[in-house]
Amino acid sequence: MVILGLILFLIAQIGYSSTLRQFSFNKYGAWILGMLLQILILYFFAMVNLLNFALKGIVFLGICLVLVELVLTVTHHNQIKFEGLHYFDVWMLSIGIILGRVLWHSPLIHYDNYSHWALIAKFLLFSGHLPTAADSLISFTAYPPATALFITAFSKWVGFSDGALLVGQFLLIWASLYALFAVLRDRTRALNGFILCFAIAVINIFNIAIRMNNLLVDFVLPVVTAAAIATIYAERAQIYRQYFSGSVFMSVLLLTKNSGTMYVIMIACYLGYLTITQPRGQRLRQKLAHFLATLLSLGLSYLPFLWWSWHVKTTFTKVAKHQISRQAYQQQLSHESRSVILKIVHQFCQQVFSLDSLSTQGVILINLLLLISWLIIRIIIHQKNNLGQVLLALDLSFILYYFSVLAMYLVSMPYAEAIKLDGSERYLASMVVLNLLLAVMALVVAIDHAFHEQNISRRDLRSFHSIITKNIYQITALGLMIFSVILMFSEINGIEYNNTLGQEQLPVQLKKIAPQQTKLNHHKILLVDPHLTDVDNYYAGYVGRYYFFTDQVVGQENFMMSPARFKQTLQTYQYVALPEWHRTFTVMLDKTYHQQYRTGFFKVTPTGLVKVSPN
């Protein structure tokens, strides 16, 4: 059933992408654009409480679109022309299959998977509706559900598991990265294709805090934004497709996470830039019309998020965690003194200006890459290029984004987390990932315009300035191919290594003692964890809530108490989960009930614990 569901889901994706190509959308951007359209469809039906219908309907619709394509092909009305496979197509397909296989066998370990991202996907799948005020299992009620909806749809067809959730998100990531190749004017040139492949491999270095084996959206946001810029660039000569693509991308980014606003602003600025620099028809009137069209596109993309904000405000009576709220921000600032604010600012500046910071190294790398490339193309090759302007724009985006991250620590995070800059490296790395991809896209466009032969139809093995430049071209392309493969396998090995370490983690241990619950319940469960940090930071509680699908899980490490108190404590719960041997708990269990259990899942009775079979 898993294979059948996977095949049907992939066929549906072919249906959406090929239909977009019938309307002349770029073939590389069509895949992610089709997935984002499905997210918007799922979102609409979820908001009107018809999610279960939509989870099946979008795949059936995609399959119907494939059948339509077959009919058009048979009747010779199909507008899609097969372009053939390029080197980077083979690279993306082979690396994608290998990565997908590894992710399918990966467990979820990261804390935030269980506090929200995996939890909301599981909730949507098995409850069939968005969280309500009565669903206390979900804490981050203000977080928009975009990526969770697509992951839920994928899991609906292939079956629920950690791997299914990860592969569902991976499809969004890989389709976004595939869209980057839309900027290539001549796709037969191996050098430019492998420059993009190498960039895709390099961004994993800056994504080290998250990696692809987690459902956090800090990597999804930048790659989808990069895909948006690439798709809009490819459609720059077709205004309607350009604004349609921009609206879809911006809508989904706003529905992915509240911090997606910065990425939406960058897309809107690029749309505005295109309208100003590429006038059509009467100069002033057309520029004004296209500028107003940009504003309209931005306004339309904001409507789904506006609907979500209304939904959160009317559904939940209290301010949710990380909700965009002036009231919450005022309360936060009123409790922070001037000295506290200065401490947070000082900590943030120290990290930003530290050369040991991976994100800072990324900023330096991007600046050096564009500066050196501009000098080579302008001075040595004597070709004008816009890499200098791109560098200034990217540096400006870095400054604005860094200020927005600092503001987040000041107004929406508790002091204990803010002073430690909790999660800062992954937040800053997101912009590094995006700007590195944008820099490389600009670079391959500049390189293409700097080639000796500008007529694409006349480019062949002899269309080089000299034998020396030909050798440099071939060696560079070969080297980029080799190193891009090496770096991707390094990332794959890193994920597999983390999977090996994860076998001793709490989420994996729970699978050994009890089956995962998929029916919402309110069972009171005591999760015994010998690791104090897991209990103090609520990791144990969040993992237990996700795994047993109940809002009544309590993690506890300290059992230094009398037998009477121990018995009284246990009798307040219905079940006890003991995933790992706990010395104190085992001793107290023996003293109180004369039972000797090291691990297992137990039902609490007046006379002691009764082991529940894991099967």
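The numbers here are math on the coordinates, done by the rules we state, and not lab data. Quick caveat, the model's predicted, so the values are computed rather than measured. Using ideal geometry, Cβ is built from the backbone for each residue, glycine included, and neighbour counts are taken over all protein chains shown.
A straight chain from residue 501 to residue 286 at 0.36 nm per residue would run longer than the Cα-Cα distance by 71.5 nm.
Put the Cα centre of the range 536-604 next to the Cα centre of the range 164-223 and the gap is 43 Å.
Loop-located trypsin sites (Lys or Arg not before Pro) across the range 70-162 with a Cβ neighbour count of 10 or fewer within 10 Å are 81, with loop assigned by DSSP. Each peptide in 111-121, 55-65, 157-167 was scored by the mean count of other Cβ atoms within 10 Å over its residues; highest first, the order is 111-121, 157-167, 55-65.
Between residue 383 and 378, the built amide H atoms are under 5 Å apart, and every one of these is 5 or more places off in sequence or on another chain. In this rough spin-label picture, where each label sits 7 Å from Cα along the Cβ direction, the residue 590-residue 361 distance is 5.0 nm. For the range 68-98, the list of chymotrypsin sites (Phe, Trp or Tyr not before Pro) that fall in a loop by DSSP and count at most 14 other C-beta atoms within 10 angstrom reads 82. Given q = 0.10 Å⁻¹, what are the Debye log10 I(q)/I(0) values for the chain, with equal point scatterers placed on the Cα positions and solvent ignored? Each listed q maps to, in turn, -0.96.
Using only alpha carbon pairs under 8 Å that are at least six residues apart, calculate the relative contact order of the range 1-79 and give it in whole percent. For the range 1-79, the relative contact order is 41 percent. Taking 7 Å steps out from each Cα toward its Cβ at residue 571 and residue 56 produces label points 4.8 nm apart. Label zone (residue 48, point 7 Å along Cα-to-C-beta; backbone nitrogen cut-off 18 Å) within the range 1-40: 37-40. Using 0.36 nm per residue and subtracting the Cα-Cα separation, the extra length available between residue 403 and residue 2 on full extension is 139.8 nm.
At an R0 of 41 angstrom, the distance between the Cβ atoms of residue 276 and residue 583 translates into a FRET efficiency of 0.05. For the listed peptides 206-217, 490-501, a ranking on the average number of other beta carbons within 10 Å per residue, highest first, reads 206-217, 490-501. Of the residues 562, 170, 316, the one whose Cα sits farthest towards the positive end of the charge dipole of the chain is 316 (charges of +1 on Lys and Arg Cβ, -1 on Asp and Glu Cβ, taken about the Cα centre). Helix content alone sets the calculated 222 nm mean residue ellipticity of the chain: runs of n ≥ 4 DSSP H residues at -39500 (n - 2.57) each, divided across all residues, give -21500 deg cm²/dmol. Put the Cα centre of the range 374-450 next to the Cα centre of the range 5-59 and the gap is 31 Å.
For the chain, the dipole from Cβ point charges (+1 on Lys and Arg, -1 on Asp and Glu) about the Cα centre works out to 960 debye, to the nearest 20.
Charge tally around residue 385: other residues with Cβ under 15 Å, Lys/Arg +1 each, Asp/Glu -1 each, net +2.
Note on residue 471 and residue 350: with the Förster distance fixed at 41 Å, the Cβ-Cβ geometry gives a FRET efficiency of about 0.30.
Size descriptors for the range 117-192 (Cα atoms only): Rg and Dmax, in that order, 17.0, 57 Å. A cut-off under 12 angstrom between Cβ atoms defines the neighbours of residue 601, and their net charge, with Lys, Arg +1 and Asp, Glu -1, is +4. Between the helical axis of 387-411 and the longest alpha-carbon principal axis of the chain there is an angle of about 20 degrees. The trypsin sites (Lys or Arg not before Pro) found in the range 476-579 that occupy coil by DSSP, while having at most 11 further C-beta atoms within 10 Å, are 519. From the Cα gyration tensor of the range 229-297, with a ≥ b ≥ c the square roots of its eigenvalues, which class applies: rounded if a/c is under 1.5, or else prolate if a/b is larger than b/c, or else oblate? Prolate, because a/c is 1.5 or more and a/b exceeds b/c.
Shown is the FRET efficiency for residue 136 and residue 85, computed with R0 = 60 Å from the Cβ-Cβ distance and rounded to the nearest 0.05: 0.70.
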